[in-house]
Each structure stands twice: as structure tokens, then as C-alpha cells.
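Asker: Take this structure, written in C-alpha cells, and hold onto it; I'll ask about it next.
Derivation of every value follows stated rules applied to the coordinates shown; laboratory data play no part. The structure presented is a predicted model; accordingly, all values stated were derived computationally and were not measured. Positions of Cβ are backbone-derived with ideal geometry, glycine not excepted, and every protein chain shown enters the neighbour counts.
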Amino acid sequence: MNAPKSLINKDLRIDTLRGLACIFLVFYHIIGDGSESGLKIQGGLLRDFNDLLAYVRMPLFTFLSGYVYALRPFKSGSITFIKGKARRLLLPMLVAGTLFAIIQSITPGSNSGVNNWLTLHIIPVAHFWFVEALFIIFLAIVVLEKCNLFATRNTAIVVALLAIALFLSPINSRYFALSGALYLLPFFLAGMYVKRFNISPQPMLGLALLAMVSITLVTISPNFHVSKYDRDALVLIVGVAACLGFLSFGWKSVPLAFIGKFSYSIYIYHVFFTAGCRIVLLKLGIESLTPLILISLLGGLFGPIITELLINKNSYGKTLLLGKRFVRSNRHLSRAFDK
């Protein structure tokens, strides 16, 4: 299979891992985190596998976010940078997150709803916690960059140690995904440092790290429970090791990279399609796990991709729903830009 031109000059490893992270994420919401969400699977191999991925799923997403940030790091213009991140992260969160909450509250067959509309987004809505947490991290990164604390490896190590201390601290708050930000920060810094300081572990080391992670997860599998906000040493070590292992292993896949190019849209919008597929299939009397999982997985991955391609045709839509820069253009310029 020949790679599309848009992928030829990019690091296929990163988009490949983004695609893998997307599959992990969509699979998670299909299976659900217990008896109250997704397919409500309470035990068995699928339940265990889905739960174990908690050690890898969001760490990998965040690690890649840090790596991508390091490709074009903040240098100047704090207000402009923060406004750009607010547009990219918070605007789709407010629009899509509110729409998700409304649809979830009125749709028969949905697994949950909003308890208090007055605290909507103050207490994050569903998976949109990640977007809020990432915005907080970018605010912190701007301050740290302006203080030149990433200028040398020594100062960067101090920042990493502080992030680890916060990760392991008892500080917890549901508001504005603060706990989520503390959970994600070490993984973001790990990805950022790998790129900024040109850390390139060899493929054999990557394979060894992945083997270590696999053995560790199998060992702890009989007695564990990890939620998105759990912060202990094992979560941190396994998460970072898995991220470094995946990256240094150097896996390149054009199909996964294609999916990875749409990782942001998939993250934001996959739940609309996974839940929709599940509800429709169950209404049709299809209760076998295999078609439920496969069709929901395809819907959760390719539904958002098609959605982004359609939204991109409208300047207002791509800003409100995807957080992309608004560009007012006439019909002919829009066609030329799309090409």
C-alpha cells in the first residue's frame, strides 16, 4: 500500500501511535468502565483487557501530545498562544460537550446523564475532562517556558520531579479537571522531553520495555482497578515505560497513521458514534458481542473522520466544532484551499 502524499514527509511513528491510541480509546468506551456504561460487561477477558489498558490509554495520548507540542513549542506571544489553545481545545469542548450532554439526557438507552446542569464543564462532561486538563497543562507550560525552565536538561529534570511529586500527591479536585491535569502532566513532559532533548531509545530497548509492561500488567491483573484519575508509582512507571516502548519500537503503519491524523476529532466525537451504533444494534435485536464491538469500533473511528471532512467545508463549523482557525473566504477560495 502506497502512503498518501500528506504522510510521506511526516514521522509515521507518531501518527501510527495516535491511531493505536484512538483504537484503545474507542474500544474503552464500547466495553465501558463497568456495569453502568458501554456494553456493561462486568467480567471476563474483555473486561480485564479493557481495564488493563487504563495503564496505557491516556498516558499514550498525552505523551504524543507532548511530543507534538515539542515540534512547535511556545516561544513568544503568551496571549496569542493561549487564545489559540482555548480555541482549539475549549471551544469544541463547550460546543460538542454541551451537545453530548443534551443528547445523552434525552436519548432512550443512554447509560448516564448530567446530574447538575449548573456545573456543566466546571465539573467535566464525560471524556471531555482530557481536553480541559490539557488546556491547564498548556497554561503551565507557557509559564515554565517563559521562565526558561526547559532550557537545559538539569532544569527540565527539576520540572519533571515537581510533576512527579504532584502526580503522587493527595491533591484532588473534580473542578476543571485539575486532578486530570496532575495525572497527565508527567506523561506530557515525557513526550516533550523525548523530542526536545533528542532522546532516541533503540528498537530493542523499546521491545524490552513493552515486554516488561506486558509482564507487569499480566502479573497485577488478578487484583487491580485503575480509573482515569488514579495516581500512584505503578501507574506512572508502567505508563511512561509503555509510551517509550511504543515510540522506540518504531512501528509504522499507514492505515493506523491515517486514523491518527484524525485523532483529535476521534477523541471529541467518537462517543456519538459508539453509543449510536450500540443503541441501534440493540434495538434491532443484535446482542452478540462480536458485531456490537466491531460495528461500534468502525463507527467510533470512521464516523468522526467523515464528520471532520464534512465540517471542514464550512468555516464556522470547523472553528466551532473542531477549534480550527476561522478563515473567511469566498466559494472559489474555499475550493482552492480544500485542494
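Asker: Note down the net charge around ASP48, summing +1 for each Lys or Arg and -1 for each Asp or Glu among other residues with Cβ under 15 Å from its Cβ. Each step should come with its number before you reach the end.
Answerer: Values: positive: ARG47, ARG57; negative: ASP33, ASP51.
So the surrounding residues net to 0.
Asker: Given the options LEU90, PHE61, ASN148, identify the residue whose Cα lies farthest towards the positive end of the charge dipole of region 28-154 (+1 on Cβ of Lys, Arg; -1 on Cβ of Asp, Glu).
Answerer: ASN148
Asker: Quick one: which of 188-198, 143-153 comes out on top by average Cβ neighbours within 10 Å, and what's the full order, highest first?
Answerer: Ranking the peptides 188-198, 143-153 by packing returns 188-198, 143-153.
Asker: Efficiency by 1/(1 + (r/R0)^6): what FRET value for LEU282 and ALA165, r their Cβ-Cβ distance, R0 = 41 Å, to the nearest 0.05?
Answerer: Efficiency for this residue pair is about 0.35.
Asker: While we're on this one: Based on Cβ point charges of +1 for Lys and Arg and -1 for Asp and Glu, what charge dipole magnitude is obtained for the chain about its Cα centre, in debye rounded to the nearest 20?
Answerer: Values: 32 positive and 13 negative charges, 327 e Å.
The calculated dipole for the chain is roughly 1580 debye.
Asker: Please report the relative contact order for region 68-146, taking Cα pairs under 8 Å with a sequence separation of at least 6, and give it as a percent rounded to a whole number.
Answerer: Over region 68-146, the number comes to 42 percent.
Asker: Could I ask something else about it? With r as the distance between the Cβ atoms of VAL327 and VAL143 and R0 = 45 Å, compute the FRET efficiency 1/(1 + (r/R0)^6) and round to 0.05.
Answerer: So, using R0 = 45 Å, E works out to roughly 0.90.
Asker: Measuring from label point to label point, each 7 Å out along Cα→Cβ, what is the THR119 to SER200 span in nm?
Answerer: The two pseudo-label positions are separated by 4.9 nm.
Asker: Work through the residues other than VAL142 whose Cβ is under 12 Å from its Cβ and net out their charges, Lys, Arg +1 and Asp, Glu -1.
Answerer: My count for the surroundings of VAL142 gives +3.
Asker: Please give the peptides 71-79, 247-255, 278-286, 11-19 ranked by average Cβ packing (other Cβ atoms within 10 Å per residue), highest first, as a rough proxy for protection. Please report the intermediate quantities before stating the final value.
Answerer: On the way: 71-79: 11.0, 247-255: 17.6, 278-286: 13.4, 11-19: 22.0.
Descending packing order for the listed peptides: 11-19, 247-255, 278-286, 71-79.
Asker: When the dipole is taken about the Cα centre of region 271-325, and only Lys, Arg (+1) and Asp, Glu (-1) are charged at their Cβ, what size is it in debye, to the nearest 20?
Answerer: Approximately 300 debye in magnitude.
Asker: Oh, and also: Tell me what the chain gives for mean residue ellipticity at 222 nm when only DSSP H runs of n ≥ 4 count, each as -39,500 (n - 2.57), the sum divided by the residue total, rounded to 500 deg cm²/dmol. The partial results should precede the final answer.
Answerer: On the way: 16 runs with 226 residues, N = 339.
So the calculated ellipticity at 222 nm is -21500 deg cm²/dmol.
Asker: Related question: Work out, step by step, the length gained on full extension between SER315 and LYS75: first 0.36 nm times the residue separation, then minus their alpha carbon distance; give nm to one decimal.
Answerer: Values: separation 240, 0.36 × 240 = 86.40 nm, distance 2.80 nm.
So the chain would gain 83.6 nm between SER315 and LYS75.
Asker: Still on this model: So how far apart, in nm, are the two label points at THR219 and ASN172 if each is 7 Å from Cα heading toward Cβ?
Answerer: Roughly 2.7 nm, to one decimal.
Asker: Using a 10 Å cut-off on Cβ atoms, rank the peptides 174-185, 263-274, 38-49, 88-99 from the highest mean neighbour count down.
Answerer: 263-274, 174-185, 88-99, 38-49
Asker: In addition: With r as the distance between the Cβ atoms of ALA126 and MET212 and R0 = 30 Å, compute the FRET efficiency 1/(1 + (r/R0)^6) and round to 0.05.
Answerer: 0.40
Asker: Which aspartates and glutamates does LYS85 reach when only Cα atoms under 14 Å apart count, and residues fewer than 8 places away in its own chain are ignored?
Answerer: Hits, sequence-local ones excluded: GLU132.
Asker: Continuing with the same structure: In whole angstrom, and with the biggest value first, how far do the Cα coordinates of the chain range along each principal axis?
Answerer: Over the chain, Cα extents along the principal axes are 60, 59, 50 Å.
Asker: Test of understanding: what is the full-extension gain from THR107 to ASP232, defined as 0.36 nm times their sequence separation minus their Cα-Cα distance?
Answerer: Stretched out fully, the THR107 to ASP232 stretch lengthens by 41.3 nm.
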